[in-house]
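> I have a structure I would like to understand better, so I am pasting it below and will then ask my questions one at a time.
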Amino acid sequence: MYETIPVGAQHVYPGPLGAVPAVTRTPNSKFSFLPWPSSQSASCHKYALALALLCLLSLWVSSAFALPPAPSTKSLQIYFIDVEGGQATLFITPAGQSLLIDTGWPGNNNRDADRIVAAAHDAGIRKIDFVLITHYHDDHVGGAPQLAASIPIGAFIDHGENRQTTDDITQKRWLAYQQLLSSGKYQHITAKPGDILPVRGIQVKVISSDGALIEKVLPGAGEPNPACANSAQPPADETENSRSLGTLITFGKLRILDLGDLTSDKEHQLMCPVNKIGKVDIYIASHHGFNQSGSAVFVHAIAPRVVIVDNGAAKGGSPSALDIIQSSPNIQTLWQLHFSEESGPAHNTGAEFIANPVGPDAANYLKLTANPDGTFATFNSRTKQSKQYPSAR
Ligand SMILES: [Zn+2]
């Protein structure tokens, strides 16, 4: 009696199209194939036949305790899935819940949905509890119908109405998403700044939604930002980008910021005259590292230690945006999902920190594993190497 299961946290996914690799094992393997302790076997031989049953029971218990240790359930896992310049970031919390921020692109023979499902299976989950849609552009909500057809989903979280109805593709994706919600299969949450989302195991606080921002300074934040003196308020962005549903995720001592494609006009309001968010440890670069976001007045104030850019080879990763990250005061490592062709060797990060270098796309991903004490590691599925980071606080 065998069942097929996806490989556990062995970092062997994905194939070029996100195929889910599989292994076979017996469902009751904890009772099979384990070496019988020799001392107990010897003692068993001394017993009469009448005691054989008791002896076997002892071995059964012993075998059960000889299981290899289960993967730590106290860590937070974050997969930065390569969806070619869109966003798809999967969080699996120590409480066993999952949160996916954005669904990548539509089409492409189910490419992005397959890659997300492969990451979910790699993490050992069969359902995504929460799918957060930052905004209604093609590269964020476009993959939602295909994903919903590929894996069970519990709830969708978004910022409310589409505000860019004049853009045909955006409106089309919004309508497809509305159709999905109208199926009645999913819970639906419309989030407002200041809300705490109901994800167990991490705190997910809404910073921005539908163009509105947190009004109050977060606890521990509120430092004046000297860079504001030389930074004018940028003109208002009129697209869905500035409506992005952005969140601050707190896990133990770690603070992780993801603001979707939030633009520099909103960044200025969050950072001037005082820094309302405070410093963060990990910043998921806004807008794939495009230079309409990730302004110096913002990035240098939140002062991340680690930045992950979900850029494509020819989408995001602007030279000036990468330079701003690299010159940030506390920066230790800039990680990128792709080598940015526009930026060239002078502006891209080091080769070991890039999941997909120049060449045929291999859908390599980055994975961050965080512990409540503030230590964490980032794994590059291409190099199979991890980099460890100590706690900052
Ligand atoms: Zn985008």
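> Along the Cα-to-C-beta direction of Ala346, a point sits 7 Å from the Cα; which residues of the stretch 282-318 have their amide N less than 16 Å from that point?
318
> Another question about this same structure. Give me the percent of the accessible area of the stretch 150-277 that comes from carbon and sulfur atoms, probe 1.4 Å, all protein chains in place.
Of the solvent-accessible surface of the stretch 150-277, carbon and sulfur hold 50 percent.
> Assuming R0 = 30 Å, can you tell me the calculated FRET efficiency for the pair Gln179 and Glu215, based on Cβ-Cβ distance, to the nearest 0.05?
0.30
> Projecting each Cα onto the charge dipole of the stretch 102-154 (Lys/Arg +1, Asp/Glu -1 at the beta carbon, about the Cα centre), which of Asn109, Ser150, Tyr136 comes out farthest on the positive side?
Ser150
> With θ set to phi - 60°, apply the Karplus curve 6.51 cos²θ - 1.76 cosθ + 1.60 along the stretch 359-371 and write out the HN-Hα couplings as whole Hz, x wherever there is a Gly or Pro.
Values, residue by residue: x, x, 6, 10, 6, 5, 10, 10, 9, 10, 10, 10, 10 Hz.
> If r is the Cβ-Cβ distance from Ala95 to Asn230 and R0 is 30 Å, what FRET efficiency results, to the nearest 0.05?
E(calc), rounded to 0.05, equals 0.10.
> Could you order peptides 290-298, 322-330, 120-128 by the average number of other Cβ atoms within 10 Å of their residues, highest first?
290-298, 120-128, 322-330
> Same structure, new question: What is the stretch 111-223 by shape, rounded, prolate or oblate, if you read a ≥ b ≥ c off the alpha carbon gyration tensor as root eigenvalues and call it rounded for a/c under 1.5, prolate for a/b larger than b/c, and oblate otherwise?
It comes out oblate by the Cα gyration axes.
> Assuming 0.36 nm per residue, please report the length gained on full extension of the stretch Ala392 to Ala149 beyond their Cα-Cα distance.
Value of the extension gain: 83.4 nm.
> Express the relative contact order of the stretch 328-370 as a whole percentage, based on alpha carbon pairs under 8 Å and six or more residues apart in sequence.
Relative contact order comes out at 37 percent.
> Which lysines, if any, have their Cα less than 24 Å from the Cα of Lys276, not counting same-chain residues under 8 positions apart?
By straight Cα distance, Lys276 reaches Lys192, Lys205, Lys216, Lys253, Lys266.
> Ignoring ligands, DNA and RNA, please state the percent of accessible area on the stretch 348-393 from carbon and sulfur, probe 1.4 Å.
Solvent-exposed carbon and sulfur of the stretch 348-393 make up 57 percent of the total.
> Within 12 Å, Cβ to Cβ, of Lys192, how many net charges do the neighbouring residues add up to if Lys/Arg are +1 and Asp/Glu are -1?
That sum, taken over residues with Cβ under 12 Å, equals -3.
> Here is a follow-up. Which residues does the label zone of Asn108 cover in the stretch 73-91, counting backbone N under 20 Å from a point 7 Å along Cα→Cβ?
So the set is 79-91.
> Now, a different point. Mind jotting down the three principal axis lengths of the stretch 176-222 based on Cα atoms? Whole angstrom, largest first.
Computed over the Cα atoms, the extents are 43, 28, 11 Å.
> If I model a spin label as a point 7 Å beyond the Cα along the Cα-Cβ vector, how far apart are those points for Asn330 and Lys74 in nm?
Placing both labels 7 Å beyond Cα along the Cβ direction yields 2.3 nm.
> Please calculate how many Å² of accessible area the stretch 274-393 carries per residue, with a 1.4 Å probe and no DNA, RNA or ligand atoms counted.
Value for the stretch 274-393: 35 Å² per residue.
The values are calculated or read from the model by the stated rules, or taken from the named source; none is laboratory data. For clarity, every value in this text was computed on a predicted model and none was experimentally measured. For neighbour counting, all protein chains shown are included, and Cβ atoms are generated from backbone atoms with ideal geometry for every residue, glycine included. Ligands, DNA and RNA are excluded from the accessible area calculation, which covers all protein heavy atoms including side chains. Shrake-Rupley method; radii C 1.70, N 1.55, O 1.52, S 1.80 Å.
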